[in-house]
């Protein structure tokens, strides 16, 4: 081994250590940012090490790629609004996975003769995971951006067709494993994996996106780890595995927060065929409330809890809610925010939005922390959230969301629900909360309603 | 593959998985979005594989071109991912800072 190769390996070791340290520092918001600087340093070290130690002979393509990538990446980093964070992250999963898949194709073109059975297996995984994550993430991004309809796209025999495609994929994988020279099979495997990514994500509804995002995150990481096995490169294995496991842990957490299994999310097609039978439980009338009455309730409350949901993000109402909360705090009201783990479209979505609006994180409470507070709360304000506050999940064992842990806003003395219209939420499920005597509805765009409320509170 | 190298790789994988589980389960839900964005940026480490493909000795032109595309997408991931993670983490603060009124 030459001196430059030793240097390269040293940078890889440093990068691995820095990546792990940076994730450790993620455990607290005060240290997280410094941690990311470490990770950036590690990445830079690994890149410089590679450029020096990997016997680079042609610089044109490298410089072209680095330049274009940096410009596009920096542009995205600066311009993407916080409300579009789920789409941005999905797109980013697609880019990462595509890079892994392309590296795999390159290895196939050049080095396939030298790869032993284990590396061939890793290469197969890399190609399959990379390709299906690429298209799957693109579909997810399309759904989140509203380019593709958010409702699950389902048809008869879908699961059977999916299984058939999966079988074909497995067939290609094993054939390729034993006959690495068959490039037609290799490229079919690539094509089928691209197709499978699409089919995997189209039947999943928008409300389940937090799970899908986490899973795709996991796959993208595992694709990078598989690349590490193919290239015999430890830093790729370490970084990929960290990403893979982080995504996996998040998927499990998200599933727990919905009381569903991962298979159920992937193949259940939640939200398509459920509108009928469960609706019978709810009844009565929804009581509407005027801005002034609502403002009066808020202004004379002692404790108020805001419960944000995806509607807060679509209405971009995070600043409006913070302004209202500040006015209330000035009047001596204790204000908290209750965050359900699956509120929004990706893990932690609401926290980021509220942080953007300058809400201190000490006012953001997790579900387990805040649920005991609801009975002593005067007003709970639900902003564009639906399923995560649906008492049916707790009370009605027949409901399809039965057993899902919820924010128990119905235990508060009164509830104000900010809602766009009288329609049902994304899951198409009737919500008995809206019919309770303690609940009143405030219809309209969340942002407008909140700023009107703020004005009315000032007049009180 | 040399069996010793393979075994070492499997060790690395298993230890990284264990360590990842330990480290990441400590991250509070508050930071789950930045976490996802950060791990995604870190997995942009496939950039180093792409760099080799795009410019190293012994690879033909088609491989260089594939590598160039891979370098581009991986760089977008790294630069964009770290950039946006930093932007998010900057926003998390513990208490109402005096600077808050300016941003309206």
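The values are calculated or read from the model by the stated rules, or taken from the named source; none is laboratory data. If you're wondering where the values come from, they're calculated on a predicted model, not measured in any experiment. Quick reminder, even Gly has a Cβ in these numbers, built from the backbone with ideal geometry, and neighbours come from all protein chains shown.
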Given A:96, A:73, which one is under 21 Å from the mean Cα position of the chain (by Cα) and closer than 22 Å to residue A:232 by Cβ? A:96
State whether the residues of segment A:2-11 include one that is part of a helix (DSSP H, G or I), modelled with pLDDT under 95 and within 8 Å of another protein chain (Cβ to nearest Cβ). no
Any chance segment B:15-32 includes a residue that's crowded, with 16+ Cβ neighbours inside 10 Å, modelled with pLDDT of 90 or more and under 15 Å from residue A:89 (Cβ atoms)? yes
Just a yes or no: is a residue in segment A:76-96 part of a helix (DSSP H, G or I), closer than 26 Å to residue A:5 by Cα, without any contact (Cβ under 8 Å) to a residue 40 or more places away in the chain and within 10 Å of another protein chain (Cβ to nearest Cβ)? no
Test set (1) under 18 Å from residue B:90 (Cα atoms); (2) in contact with a helix residue (DSSP H, G or I) (Cβ under 8 Å, 6 or more places away or on another chain) - residue A:79 fails condition number: (2)
Return yes or no: is residue A:294 more than 24 Å from the chain's Cα centre (by Cα), closer than 27 Å to residue A:354 by Cβ, modelled with pLDDT of 70 or more and in a helix (DSSP H, G or I)? yes
Hey, any hits in segment A:147-165 for a residue that's closer than 30 Å to residue A:232 by Cβ, at pLDDT below 95 and either in the same structural domain as residue A:315 (by TED's automatic domain parsing) or in a helix (DSSP H, G or I) (or both)? no
Top-ranked residue of segment B:67-94 - restricted to ones that are without any contact (Cβ under 8 Å) to a residue 40 or more places away in the chain and surrounded by fewer than 24 Cβ atoms within 10 Å (Cβ to Cβ), ranked as farthest from residue A:54 (Cα to Cα): B:94
Could you tell me which residue of segment A:167-206 is surrounded by the most Cβ atoms within 10 Å (Cβ to Cβ), considering only residues that are out of contact with any helix residue (DSSP H, G or I) (no Cβ under 7 Å at 6 or more places or on another chain) and within 29 Å of residue A:245 (Cα to Cα)? A:205
Residues of segment A:120-149 that turn out to be surrounded by fewer than 18 Cβ atoms within 10 Å (Cβ to Cβ) and touching a residue at least 60 places away in the same chain (Cβ under 8 Å), as a count: 1
Against the condition in a helix (DSSP H, G or I), surrounded by fewer than 24 Cβ atoms within 10 Å (Cβ to Cβ) and facing chain B (nearest Cβ under 7 Å), how does residue A:103 come out, does it pass? no
Among the numbered criteria (1) modelled with pLDDT under 90; (2) facing chain B (nearest Cβ under 8 Å), which one does residue A:229 miss? (1)
Count - residues of segment A:39-54 that are facing chain B (nearest Cβ under 7 Å) and free of Cβ contacts under 8 Å to residues at least 12 places away in the same chain: 3
What about residue A:234, is it within 13 Å of chain B (Cβ to nearest Cβ), surrounded by fewer than 24 Cβ atoms within 10 Å (Cβ to Cβ) and either more than 30 Å from residue A:9 (Cα to Cα) or in contact (Cβ under 8 Å) with a residue 12 or more places away in the chain (or both)? yes
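Here is a yes/no grid of residues against (1) assigned by TED's automatic domain parsing to the domain that holds residue A:412; (2) modelled with pLDDT under 90; (3) out of contact with any strand residue (DSSP E or B) (no Cβ under 7 Å at 6 or more places or on another chain):
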residue	(1), (2), (3)
A:314	yes, yes, yes
A:318	yes, no, yes
A:322	yes, no, yes
A:328	yes, no, no
A:338	yes, no, no
A:344	yes, yes, yes
Determine, yes or no, whether residue A:65 is within 13 Å of residue B:80 (Cα to Cα), within 7 Å of another protein chain (Cβ to nearest Cβ) and either touching a helix residue (DSSP H, G or I) at 6+ places or on another chain (Cβ under 7 Å) or not in a helix (DSSP H, G or I) (or both). no
So if I check each of A:122, A:131, A:141, which one is modelled with pLDDT under 95, more than 12 Å from chain B (Cβ to nearest Cβ) and in a helix (DSSP H, G or I)? A:141
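Can you list the helices (runs of 4 or more DSSP H) found entirely within segment B:8-104 that contain at least 1 residues being over 18 Å from the mean Cα position of the chain (by Cα) and within 17 Å of residue A:39 (Cα to Cα)?
Ranges flagged: B:81-91.
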Answer yes or no as to whether residue A:407 is touching a residue at least 60 places away in the same chain (Cβ under 8 Å), outside any loop (DSSP other than H, G, I, E, B), surrounded by 20 or more Cβ atoms within 10 Å (Cβ to Cβ) and in contact with a strand residue (DSSP E or B) (Cβ under 7 Å, 6 or more places away or on another chain). no
Is at least one residue of segment A:340-356 in contact with a helix residue (DSSP H, G or I) (Cβ under 9 Å, 6 or more places away or on another chain), surrounded by fewer than 18 Cβ atoms within 10 Å (Cβ to Cβ) and on the phi < 0 side of the Ramachandran plot? no
If you go through segment A:326-333 one residue at a time, do you hit one that is facing another protein chain (nearest Cβ under 10 Å) and within 30 Å of residue B:38 (Cα to Cα)? no
What are the residues in segment A:7-61 that are over 26 Å from the mean Cα position of the chain (by Cα) and more than 21 Å from residue B:51 (Cα to Cα), if any? A:17
